[in-house]
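Peer 1: Attaching a single structure in structure tokens format; questions to follow.
The values are calculated or read from the model by the stated rules, or taken from the named source; none is laboratory data. Quick caveat: nothing in here was measured; it's all calculated off a predicted structure. Reconstructed Cβ throughout: ideal geometry from the backbone, glycine too, with neighbour counts over all protein chains shown. For accessibility, only protein heavy atoms count, side chains too; no ligands or nucleic acids. Shrake-Rupley method; radii C 1.70, N 1.55, O 1.52, S 1.80 Å.
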Amino acid sequence: RPTLERDVVIVGAGPAGLMAAYTLKKAGKSVAVVEARERVGGRTWNAKVKDMNGTEHFIEIGGQWISPDQTRLSSLVEELGLTTFKRYRDGKNVYRAPDNTRHTYTGEALPVSDATNAEMEKLTDLLNAKVDQMDVARPWKMPDAAELDTISFRAWLQQHSDDQEAIDNISMSIASGMLTKPSHTFSALQALLMAASAGSFSNLVDEDFILDERVVGGMQSVSLKLAQYVGDDVILGSPVRQLNWATPDESTADALNNISSDVRNGVPRNGAPGQVTAYADSVIVKAKNVVLAVPPNLYHRIQYVPPLPREQMIAHQHISMGLVIKVHAVYETPFWREKGLSGTGFGGGHVAPEVYDNTNYGPNSVNAKEGEDPHGVLVSFISDVHAERMWALSEEERKQEILAELAAYLGEEAMHPIAFYLSDMAAEEWTRGAYATSYDLGGLSRWGHLQNEPTGPIYYACSDIAAEGYQHVDGAIRQGEIAANSILEQLG
Ligand code: FAD
């Protein structure tokens, strides 16, 4: 294994790690980005799925949408010379009620009874008011943070409403829709952070806002462009297995064990440069600082010498990935549009509680010309316990049940795609779930304040520890840039 010497070593070539590398390199620092997989992009991944004639259709296995509040990602997309296009949204949406009756509607409000609508509005107002009290960068500082962190999101909703349909629809947007965990497994505080990271709960439930634009050529193009800039200093197929680190003043992890009281008492932890050696499968990198740009559920896959401070070792065990299957179904045409439907459908509590038109544009199209792909693409998401049940079925049973879900929204034609693919990030060694990580009950108020604090020369960067853009590519980009700028301040 060759040994490289760099100013900074970055572990992980997802959007966060590559943004850190790009920022550092632009400022004249030398970097090495060491990536476990044979590709860059992490949870963003452009791919092709074949139909029965062997024709390839473009899909995005991972993250794809950008919302208007995700301003750092939008400006970077522009800076990198990439362009975006809007999600198709003309026509009527479909709502599947709990009794599986199908209703079409336009506008934002779901076609529920007046009583359920009033309950949903009440819960939305309550959530928006709570979000207004939260500093998204410091949710643990909210006056009732600890209290909100002891109650599950579902129990909190049940405290404020006894309308099951209203609770299912509100909880869907954060539980299956974002954290991809059942709403009884994460706290009301964690739910509020998710909403606050998008600006408000109302933003989060507005699909035209939150699922606004896609990158022409796919979201992975952001990472591919950043990696192009970093060049040969991106090393693929080389998991980092061990990280030796030492602080400049020779203080050890033992001395850093009081990290929590320091941070709570406002003592800055400056992450001064020290000595770091990253041992990866194909390379050893010696550097002054390291950016750990991997999701927090994977921190423990690396051996630290000396070990990380005890509070971090405990905290990291209370952070886990959600589970979601992203469904891709390609059709000869976007048949739903001919029926005056947008392709958007919602049904809180159903196996597939959401479906959208995900038709491709521009260079992604089969005809590779400007304009839209003539084929229609639907995307849907199946989360947590429903995803577990789906994976337990045979491949054919799974496909038929999922297609029947799409058909329940958009009609029988949905049963006959020409290509079909299920994204399975939970089976990926270097991700282990989707979309992102969150704390279990009580974790955010106990340990959230530690997640962005460097440990000696070790910095952390990932969408899963972001404030704005939490669990999104925008958050990853912000975190990568913040870590790089903090290191630049230290290195001078
Ligand atoms: P990652 O993308 O996970 O990158 C981390 C990298 O570290 C990976 O490449 C991994 O291989 C590498 N790594 C891990 N361990 C090691 C090791 N020991 N050594 C070396 N390398 C290592 N976001 C949106 O904004 N919009 C969306 O529409 C959206 N939809 C999504 C749909 C799905 C199905 C999924 C899975 C995610 C979605 N997301 C979406 C989330 C978005 O993709 C992530 O927030 C983003 O990719 C996180 O970037 P990151 O760099 O923080 O982490």
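Peer 1: Residues that are within 23 Å of Gly345 (Cα to Cα), at least 1 per element: which helices (runs of 4 or more DSSP H) completely within region 165-250 meet that?
Peer 2: Helices (runs of 4 or more DSSP H) meeting the threshold: 188-196, 201-205, 207-210.
Peer 1: Suppose we filter region 386-419 for residues that are surrounded by fewer than 17 Cβ atoms within 10 Å (Cβ to Cβ) and either within 11 Å of the ligand (Cβ to nearest atom) or not aliphatic (A, V, I, L, M) (or both); how many remain? Can you show your working first?
Peer 2: Restricting attention to region 386-419, the residues satisfying the condition of being surrounded by fewer than 17 Cβ atoms within 10 Å (Cβ to Cβ) are 388-389, 391-397, 400-401, 404, 407, 411-412, 415-416.
Still in the list and also either within 11 Å of the ligand (Cβ to nearest atom) or not aliphatic (A, V, I, L, M) (or both): 388-389, 391, 394-397, 400-401, 411-412, 416.
Result for region 386-419: 12.
Peer 1: Which count do you get for residues in region 437-464 that are among the charged types (D, E, K, R) and either in contact with a Leu (Cβ under 8 Å, 6 or more places away or on another chain) or in a loop (DSSP other than H, G, I, E, B) (or both)?
Peer 2: So the answer is 2.
Peer 1: Quick one: which strands (runs of 3 or more DSSP E) sit completely within region 74-120 and have at least 2 residues that are buried (at least 17 other Cβ atoms within 10 Å of the Cβ) and touching a residue at least 60 places away in the same chain (Cβ under 8 Å)?
Peer 2: 92-96
Peer 1: Further question: Criterion first (modelled with pLDDT of 95 or more, assigned to a helix (DSSP H, G or I), within 12 Å of the ligand (Cβ to nearest atom) and open to solvent by 20 Å² or more (accessible area, probe 1.4 Å)) does Ala483 satisfy it?
Peer 2: When the stated conditions are applied, Ala483 does not pass them.
Peer 1: Working carefully through the options Ala434, Ala467, find the one that is small (Gly, Ala, Ser), more than 9 Å from the ligand (Cβ to nearest atom) and not in a strand (DSSP E or B).
Peer 2: Ala467
Peer 1: Go over the candidates Asp424, Asp373 one by one and state the one that is out of contact with any Asp or Glu (no Cβ under 6 Å at 6 or more places or on another chain) and open to solvent by 20 Å² or more (accessible area, probe 1.4 Å).
Peer 2: Within the list Asp424, Asp373, the selection yields Asp424.
Peer 1: Taking Leu24, is it within 17 Å of the chain's Cα centre (by Cα) and open to solvent by less than 10 Å² (accessible area, probe 1.4 Å)? Even if it seems obvious, please write down each step before you answer.
Peer 2: Details: within 17 Å of the chain's Cα centre (by Cα): no; open to solvent by less than 10 Å² (accessible area, probe 1.4 Å): yes.
When the stated conditions are applied, Leu24 does not pass them.
Peer 1: Based on this model, can you work out whether Thr124 counts as open to solvent by 40 Å² or more (accessible area, probe 1.4 Å) and either in contact with a Leu (Cβ under 6 Å, 6 or more places away or on another chain) or among the β-branched types (Val, Ile, Thr) (or both)?
Peer 2: Working: open to solvent by 40 Å² or more (accessible area, probe 1.4 Å): no; either in contact with a Leu (Cβ under 6 Å, 6 or more places away or on another chain) or among the β-branched types (Val, Ile, Thr) (or both): yes.
So Thr124 fails the test.
Peer 1: If Glu489 satisfies all but one of (1) charged (D, E, K, R); (2) more than 20 Å from Gly322 (Cα to Cα); (3) buried (at least 22 other Cβ atoms within 10 Å of the Cβ), what's the number of the condition it fails?
Peer 2: Going through the list (1) charged (D, E, K, R); (2) more than 20 Å from Gly322 (Cα to Cα); (3) buried (at least 22 other Cβ atoms within 10 Å of the Cβ), Glu489 breaks only (3).
Peer 1: Looking only at region 337-370, count every residue that is at pLDDT 95 or above, surrounded by fewer than 18 Cβ atoms within 10 Å (Cβ to Cβ) and of a type in the set (S, T, N, Q) and tell me the total.
Peer 2: Result for region 337-370: 0.
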